[in-house]
Amino acid sequence: MTTVQEKARKKFPRLTSSAFEHPADRAALEAVKKIPVLDRVFRRLLEMGVERIFRIQLLGQAIHVTPRQCHKIYRLFKEAADILDVHEPDLFLTSNPYINAFTFGVERPFIVLQSGLVDLLGEEELMAVLGHELGHVKAGHVLYRSIAYFLAHIAGRMLGLGGIASIGLAAALFEWSRKSELTADRAELLVVQDVDVCLKLHMKLSAGSKAVFEQIDVQEFLRQGDRYEELDYSTLNKVYKFMQELWLDHPIPVYRAREIKTWAESKQFREIMAGRYPTEEPGITLRDCPHCGAKVSPSFFFCPDCGKNARV
């Protein structure tokens, strides 16, 4: 992780996720919420203690990032959380050469950075990733993303769902998961406030190699996205693209780059940067935890502070 000079970045007090939510994310999530079997999946997720098991593994085998542990990463994390005005979930750094970061959890969401990602990125790019993951938390994605992860790995065996049923459920969740990434990409731009950082991040994630990074060009990457879209002239190409993307939980990188570039040039983004954006009204959007009194997002079933049921 290379170091860059600190910048003065704007903060967005009481920012609500509706300010940066991608419309495709909202529509896909509404469709997912209508799937009745999700309640069953959610109950089994809690009964099995999947989140608790995962957290125990991380506390035993990963690094818990705090003000006194990996303080440089924590500084980026805290600034990103302050910019988006979101409660800091737990952050872990795990030894894994695979370039990835993810958010998981229902009772107490947590973020995991994998070492391969940290080794590849500079500080601004890493801050963009942290902003992206915090965007998932801010937008209330963690419950359904955790269910998608759970379903993809073990639900078919543990829930006894039929083949067609489990495939259809997984396809719907992955479709929403791809759309939710577009919302989180907007959060990453709000955190770093520099579209070139976001574009370079997505190029690095696509190339996966430090050795070639000095040779790749942002504009060429965007033009590559144009060429990918132009493939739609053929119905057969559309079928191949559909089959390629069907089981992905993230959108195609060139598409993400185009989307974030378009939003960076939009009036909506300029309005947020100018301080004109929808806000969360105290006592209306947020509620008090009945156990510890902490402010809790309505998307959370459990208080991020004390971990107890906030909907008692």
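The values are calculated or read from the model by the stated rules, or taken from the named source; none is laboratory data. All of these numbers come straight from a predicted model, not from anything done at the bench. For neighbour counting, all protein chains shown are included, and Cβ atoms are generated from backbone atoms with ideal geometry for every residue, glycine included.
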(message) Condition check: closer than 19 Å to Leu58 by Cα and not in a helix (DSSP H, G or I). Does Val118 satisfy that?
(response) no
(message) Given the criterion among the β-branched types (Val, Ile, Thr) and more than 20 Å from His132 (Cα to Cα), identify the matching residue among Ile260, Ile252, Ile216.
(response) Ile216
(message) Considering only residues that are modelled with pLDDT under 80 and either of a type in the set (S, T, N, Q) or in contact with a strand residue (DSSP E or B) (Cβ under 9 Å, 6 or more places away or on another chain) (or both), which ones fall in segment 116-149?
(response) Arg145, Ser146, Tyr149
(request) Please determine, by comparing only the residues of segment 224-253 that are under 21 Å from Ala28 (Cα atoms) and β-branched (Val, Ile, Thr), which one is surrounded by the fewest Cβ atoms within 10 Å (Cβ to Cβ). (result) Val239
(message) Kindly evaluate Ala184 against the criterion of being surrounded by 20 or more Cβ atoms within 10 Å (Cβ to Cβ), under 23 Å from Ala81 (Cβ atoms) and small (Gly, Ala, Ser).
(response) yes
(request) Of the numbered conditions (1) assigned to a loop (DSSP other than H, G, I, E, B); (2) modelled with pLDDT of 75 or more; (3) surrounded by 16 or more Cβ atoms within 10 Å (Cβ to Cβ), Lys210 fails exactly one; give the number of that condition. (result) (3)
(message) So in segment 99-115, with the set limited to residues that are at pLDDT below 95 and of a type outside the set (A, V, I, L, M, F, W, C), which one is surrounded by the fewest Cβ atoms within 10 Å (Cβ to Cβ)?
(response) Asn100
(request) Kindly indicate whether Ala24 is assigned to a helix (DSSP H, G or I), at pLDDT 95 or above and of a type in the set (A, V, I, L, M, F, W, C). (result) no
(message) Pairs needed: first member in segment 63-75, in contact (Cβ under 8 Å) with a residue 60 or more places away in the chain; second member anywhere, loosely packed, with under 12 Cβ neighbours inside 10 Å and not in a helix (DSSP H, G or I); C-beta distance under 8 Å; at least 6 residues apart or different chains.
(response) Lys72/Thr3
(message) Checking the structure you have, find out if any residue of segment 296-308 is modelled with pLDDT of 65 or more and under 19 Å from Ile83 (Cβ atoms).
(response) no
(request) Can you tell me which residue within segment 86-103, out of those that are more than 16 Å from the chain's Cα centre (by Cα) and not in a strand (DSSP E or B), is nearest to His250 (Cα to Cα)? (result) Tyr98
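Give the residue, chosen from Glu107, Glu79, Glu125, Glu133, that is within 22 Å of Thr279 (Cα to Cα) and more than 13 Å from the chain's Cα centre (by Cα). I'd like the intermediate steps shown before the answer.
Working: Glu107 fails: within 22 Å of Thr279 (Cα to Cα); Glu125 fails: within 22 Å of Thr279 (Cα to Cα); Glu133 fails: more than 13 Å from the chain's Cα centre (by Cα).
On inspection, the qualifying residue turns out to be Glu79.
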(request) List every residue pair whose Cβ atoms lie under 6 Å apart, where the two residues are 6 or more positions apart in sequence or sit on different chains, the first residue falls within segment 87-105 and is of a type in the set (D, E, K, R), and the second residue, located anywhere, is assigned to a strand (DSSP E or B). (result) Asp90/Phe110
(request) Counting only residues that are of a type in the set (Gly, Ala, Ser) and under 19 Å from Val197 (Cβ atoms), give me the helices (runs of 4 or more DSSP H) lying completely in segment 221-285 with at least 2 of them. (result) 253-264
(message) I'm told Lys179 meets every condition in (1) within 30 Å of Phe12 (Cα to Cα); (2) touching a Phe, Trp or Tyr at 6+ places or on another chain (Cβ under 9 Å); (3) touching a residue at least 40 places away in the same chain (Cβ under 8 Å); (4) not in a loop (DSSP other than H, G, I, E, B) except one. Can you identify the failing condition by its number?
(response) (2)
(request) Of all residues in segment 49-76, count the ones that are assigned to a helix (DSSP H, G or I) and either among the aromatic types (Phe, Trp, Tyr) or over 17 Å from the mean Cα position of the chain (by Cα) (or both). (result) 17
